[in-house]
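The values are calculated or read from the model by the stated rules, or taken from the named source; none is laboratory data. As the structure is a computational prediction, the values presented were derived from the model and not from experiment. Cβ coordinates were reconstructed from backbone atoms using ideal geometry, including for glycine residues, and neighbour counts include every protein chain displayed. Only protein heavy atoms, including side chains, enter the accessible area calculation; ligands, DNA and RNA are left aside. Shrake-Rupley method; radii C 1.70, N 1.55, O 1.52, S 1.80 Å.
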Amino acid sequence: MSRPLRADAQRNRARVLEVAAETFAAEGLSVPVHEIARRAGVGTGTVSRHFPTKEALFQAVLFDRMEQLVRRAGELAEREEPGEAFFGFFAALVEAGATNKGLVDALAGAGFDFVAAAQESRYDVMGAWSGLLDAAQRTGAVRADTDMADVKALLTGCVDRERAAPDPRARERLLSIIRTGLRP
């Protein structure tokens, strides 16, 4: 059984995670650990004590973000009609992908086994999204001939467009086109 972290160690760990999340989101996975440590105001050894590899650090950051997204899918499913929940989550994923280069790198398979990470339901973003799609299709809000491969391809196109030239009006236009195209 491991001992609980001292208060200063907890603060350092939280600070490293915060800085790593911001850095990976803005710059992707290529940022070296020593640079994250420098920006967090701690030594590389401090980072290594909490996260033995850069992959372990990114995994902790990614798991937190994935858990937030799964929670968001659940909230939408509870509050909204199935079609609105599906399209609302689609928009949330476009936003997340447009503003988080590390998440996009992970979804593309760069240095992280996304499928293995999603084995736990609280991290299963694709499972949550698939559930929203199924519910929307059962109620007739989304075309029955649409599958997750189609939806992921549409997401990729939106994120690629948004990352190439961020423009909220273009994002809304693309989401409107997708919403219209996926309706029966």
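Summary of computed values
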item: Only one of A144, A170, A136 that is surrounded by 14 or more Cβ atoms within 10 Å (Cβ to Cβ) and more than 20 Å from A98 (Cα to Cα); result: A136
item: One residue from V19, V42, V47 being part of a loop (DSSP other than H, G, I, E, B) and either open to solvent by less than 80 Å² (accessible area, probe 1.4 Å) or touching a residue at least 40 places away in the same chain (Cβ under 8 Å) (or both); result: V42
item: Test: residue in segment 34-55 that is of a type in the set (G, A, S) and closer than 30 Å to S130 by Cβ; result: no
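Here is a yes/no grid of residues against (1) over 16 Å from the mean Cα position of the chain (by Cα); (2) at pLDDT 90 or above:
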position: G28; (1), (2): no, no
position: A37; (1), (2): yes, yes
position: G41; (1), (2): yes, yes
position: K54; (1), (2): yes, no
position: L69; (1), (2): no, yes
position: E81; (1), (2): yes, yes
